[in-house]
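Asker: The following block contains the structure, expressed as structure tokens.
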Amino acid sequence: MQTQKLSFKHYVIIGSMLFGMFFGAGNLIFPIHLGQLAGAHWLTAGWGFLLTGTLLPLLGIIAISVTRSSGIYDLAKPIGKRYATLFMILTCATLGPLFATPRTATTPFQIGIASYVSASQAPLYLLIYSLVFFSITYWASRKPTGIIDTIGKLLNPAFLILLALIFGIAFTHPLGSARTANVAAAYQNGAFLNGFLQGYNTMDALAALLFGIAVVTTIRGLGQKEPGAVAKTAAKSSLLSISLEAVIYLGLIWIGATSLSQFKLSADGGIAFSQIANAFMGVPGELILAIMATLTCLTTAVGLATSFSEALHDKFPSISYRTWNRLSCGASFLIANIGLDQIIAWSTPMLMFLYPLAITLIILSIASPLFRHDPVVYRWTTALTLIPACFDALGSAPAVITRLGWVQGLLAFDDKYFPLAKIGLDWALPALIGLMIGLSWHVVRQALTAHAYKMNQN
């Protein structure tokens, strides 16, 4: 099978596309807020954040490359077709019209517009803003083959120029010293683990599994056809984009920590970033931030809408790509008007449920050549991860759920019998036990098969 050798320029274009798809609403506001929470411990928290915010998405792309999967369904299929379908639908819904895609409109609105309008006027302005935002998103994502031009060549350079301007002022005229910044109670001794869990909010590990479809389509469109070459190109390109993200994250976390010299701990990163921009450049600074946030969130919205529509059209081909795209953009527009706070509050339990399953799936996929892609290893690991993941989801749900008596009973059971439950990692030990059981089963079965074959030969 003939394949086209790509130049460094092609890698940069693909990496730029991935960066634009990954870097969106949460990637701006959560690092800033993490910096304010961690204070003097900003770097320790930052390393934890980078694990789930950058390394895990990179491993997700590599997992798709190693297994030569066309997307999230193929990646999860060794566990079972029904599980793969359900996991794909939940991930698509989370990244699509339920949480991530609506957040791409509400975040820039919160940063750049909400502070200039009254509380009574905000719903009307959000309605207008989100209508325009998702109209542009639908137009840009109506043809999957146009995504590389829309994201990689047009919007990314504009965003990076605006971000560089903010960083340049922040580093030459810092608001204060990060070394002496106050540290929130939870970050006194748990900065790394809290940073690790805050990285869930970016949703990038889930996005990496979904964006694999767009990556493969783009690489093939550039002339590479052989599966091994496609896999290597995807891994190299993603490394470029993830490295740039890591640098930006650490810069934003540091800026958040230095801002405590002039501002109190904010309710969310959007408010904090608006205050910081105003301190640097006044109203023009807030305007630049609003434009920057809109650009970066728009690129992510286009990527999410495209990947959502392609994934579900591929699984359910009787429904056209255009129909799925209309559903994604239309539902995202409606849910965006619920407001940013509600979206974040209800997305957290879903992320606490999906992330342990995504982490184990990524690790299993990368390591799968070592156990010959044996489904039994996948199934044991996933089965024992599933139970504590459900507990994590309940524990992070809004108060209207956690106040229920039966939920409190389950959470008390979780704290008592699952190690690391208090720090949100109660799934880690069960997942490891499941992995050991699965590997042991695999080794024993291989040995029995080899022995039976030897006996038949004799």
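Asker: From zero outward in steps of 5 Å, how is the percent of C-alpha pairs of segment 152-270 spread across the bins?
Answerer: 2, 8, 13, 18, 16, 14, 11, 8, 6, 3, 1, 0
Asker: Note the angle between two axes, namely the Cα long axis of helix 340-367 and the longest principal axis of the Cα atoms of the chain, as a number of degrees from 0 to 90, rounded to the nearest 10.
Answerer: 30
Asker: Given the DSSP H assignment, sum -39500 (n - 2.57) over each helix run of at least 4 residues in the chain and divide by its residue total; what's the result at 222 nm in deg cm²/dmol, nearest 500?
Answerer: One gets -24500 deg cm²/dmol as the mean residue ellipticity at 222 nm.
Asker: Using label points projected 7 Å from each Cα along Cα→Cβ, tell me how many nm separate K143 and W406, to one decimal.
Answerer: 5.3
Asker: Karplus couplings for segment 107-113 from phi (6.51 cos²θ - 1.76 cosθ + 1.60, θ = phi - 60°), rounded to Hz, Gly and Pro as x?
Answerer: Whole-Hz 3J(HN,Hα) from phi for segment 107-113: 5, x, 5, 5, 6, x, 10.
Asker: Also, quick follow-up: Relative to the first principal axis of the alpha-carbon coordinates of the chain, what is the inclination of helix 156-172, with its axis defined by its Cα atoms, in degrees from 0 to 90 and to the nearest 10?
Answerer: Relative to the chain, helix 156-172 is tipped by roughly 60 degrees.
Asker: Can you give me the C-alpha center-to-center distance between segment 162-189 and segment 1-79, rounded to a whole angstrom?
Answerer: 24
Asker: Distance check, please: which entries in K225/K315; K5/K232; K143/K225; K77/K315; K81/K225; K77/K225 exceed 18 angstrom between their Cα atoms? Walk me through the intermediate numbers first.
Answerer: On the way: K225/K315 22 Å; K5/K232 12 Å; K143/K225 21 Å; K77/K315 12 Å; K81/K225 27 Å; K77/K225 23 Å.
Table pairs above 18 Å Cα-Cα are K225/K315; K143/K225; K81/K225; K77/K225.
Asker: How many percent of all Cα-Cα pairs in the chain sit more than 28 Å apart? Walk me through the intermediate numbers first.
Answerer: Details: 54024 of 104653 pairs.
Tail of the P(r) past 28 Å holds 52 percent of the pairs.
Asker: Gain in length, Q342 to N456, computed as 0.36 nm per residue apart minus the alpha-carbon separation, to one decimal in nm?
Answerer: Between Q342 and N456, full extension yields 34.6 nm more.
Asker: Taking the Cα atoms only, what angle lies between the long axis of helix 428-457 and the longest principal axis of the chain, rounded to 10 degrees?
Answerer: With both axes taken from Cα atoms, the answer is about 20 degrees.
Asker: Quick check: pseudo-label points 7 Å beyond the Cα along Cα→Cβ at L124 and A267, how many nm apart are they?
Answerer: 2.2
Asker: Let me ask something additional. Tell me, what HN-Hα J-couplings in whole Hz come from the Karplus equation 6.51 cos²θ - 1.76 cosθ + 1.60 at θ = phi - 60° for each residue of segment 53-60, using x for Gly and Pro?
Answerer: With coefficients 6.51, -1.76 and 1.60, one gets x, 10, 5, 5, x, 4, 5, x Hz.
Asker: Under a Cβ-only charge scheme (Lys and Arg +1, Asp and Glu -1), can you give me the dipole magnitude of the chain about the Cα centre, in debye to the nearest 20?
Answerer: With Lys and Arg at +1 and Asp and Glu at -1, about 1140 debye.
Asker: Return an integer: the convex hull volume of the alpha-carbon atoms of segment 1-128, in Å³ per residue. Write down the numbers at each step before the final one.
Answerer: Numbers: hull volume 25.1 nm³, N = 128.
Dividing the Cα hull volume of segment 1-128 by its residue count gives 196 Å³.
Asker: For a Förster distance of 30 Å, can you work out the FRET efficiency between the beta-carbons of I169 and I136, rounded to the nearest 0.05?
Answerer: So, using R0 = 30 Å, E works out to roughly 0.55.
Asker: Turning to a different aspect of this structure: Under the Karplus relation 6.51 cos²θ - 1.76 cosθ + 1.60, θ = phi - 60°, what is the ordered set of whole-Hz ³J(HN,Hα) values for segment 244-256, x standing for Gly and Pro?
Answerer: 5, 4, 4, 4, 5, 4, 4, x, 5, 5, 5, 4, x
Asker: Amide H of L175 versus every other amide H placed in the peptide plane: which residues, excluding those fewer than 5 positions away on the same chain, fall under 5 Å?
Answerer: none
Asker: Projected area of segment 347-458, taken from the Cα convex hull and averaged over every viewing direction, in nm²?
Answerer: Average of the hull's projected areas for segment 347-458 equals 8.2 nm².
Asker: Could you tell me which residue out of L354, G395, I79 lies farthest along the dipole of the chain toward its positive end? Charges go on the beta carbon: Lys and Arg +1, Asp and Glu -1, centred on the Cα centre.
Answerer: I79
Asker: Which whole-percent values make up P(r) of segment 286-423 when all C-alpha to C-alpha distances are grouped in 10 Å steps starting at zero?
Answerer: Reading the bins upward from 0: 10, 24, 30, 27, 9, 0.
Asker: If you don't mind, another one. Work the Kirkwood hydrodynamic radius out for segment 272-332: mean of 1/r over every pair of different alpha-carbon atoms, inverted, in Å.
Answerer: Numbers: mean 1/r = 0.0742 Å⁻¹.
For segment 272-332, inverting the mean 1/r across all distinct Cα pairs yields 13.5 Å.
Just so you know, all these numbers are worked out from the coordinates, no wet-lab data involved. Note that the structure is predicted; figures quoted are calculated from it, not measured. Heads up, the Cβs are rebuilt from the backbone with ideal geometry, glycines too, and the neighbour counts pull from every protein chain shown.
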